[in-house]
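J.: One structure coming up, written as structure tokens, with questions to follow.
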Amino acid sequence: MSDKGLMEKEEIFSKVLRAGRRTYFFDVRATRANDYYLTITESKKFTNDDGSFYYKKHKIYLYKEDFAGFTEILQEMTDFILDEKGEEVISERHQKDFKPSYEGTGAVETKTAPENFTDVSFDDI
């Protein structure tokens, strides 16, 4: 591979955010014209039945001409979520209220239903 090919792959500046099973990689890279762009990679770890594991990766390429719009919308969306739901992570808060289902249907709530809850059978719909 030529030096030019190596230059395209070189990471100029990198940061890593580890978040449980997910890891986010923020990498500044150089174009062929030696301009910079950002890649954001989400890597998520999965485990096979035999105990081995593998990663699924998703990547976003973000170029300078899109920074302002991206930043503005990202800030608007994160502000909305925090204003609506606060900073507490709901799934962690409710973990103690759920037990795993062994029938492959996900988590099952162990709390009793509130008094104003209407039990609807899907057969009725």
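J.: So if R0 is 22 Å, what FRET efficiency would TYR24 and ASP79 give, r being the distance between their Cβ atoms, rounded to the nearest 0.05?
T.: Once the sixth-power term is evaluated, E becomes 0.65.
J.: Label points 7 Å out from Cα along the Cβ direction at TYR36 and LYS59: separation in nm?
T.: Here the modelled spin labels are 1.9 nm apart.
J.: Now a separate question. Mind giving me the FRET efficiency for SER43 and ILE12? R0 is 22 Å, r the Cβ-Cβ distance, nearest 0.05 is fine.
T.: On the way: r = 20 Å, r/R0 = 0.90.
The value I calculate is 0.65.
J.: Another question, then. If we count other beta carbons within 10 Å of each Cβ, what is the order of VAL28, VAL16, fewest first?
T.: Working: VAL28 14, VAL16 11.
Fewest-to-most ranking of VAL28, VAL16: VAL16, VAL28.
Only the coordinates and a few stated rules stand behind these numbers; no lab work does. Since the structure is predicted, the reported quantities are computational estimates derived from the model, not experimental observations. Every residue, glycine as well, gets a Cβ built from its backbone with ideal geometry; the counts of neighbours run over all protein chains shown.
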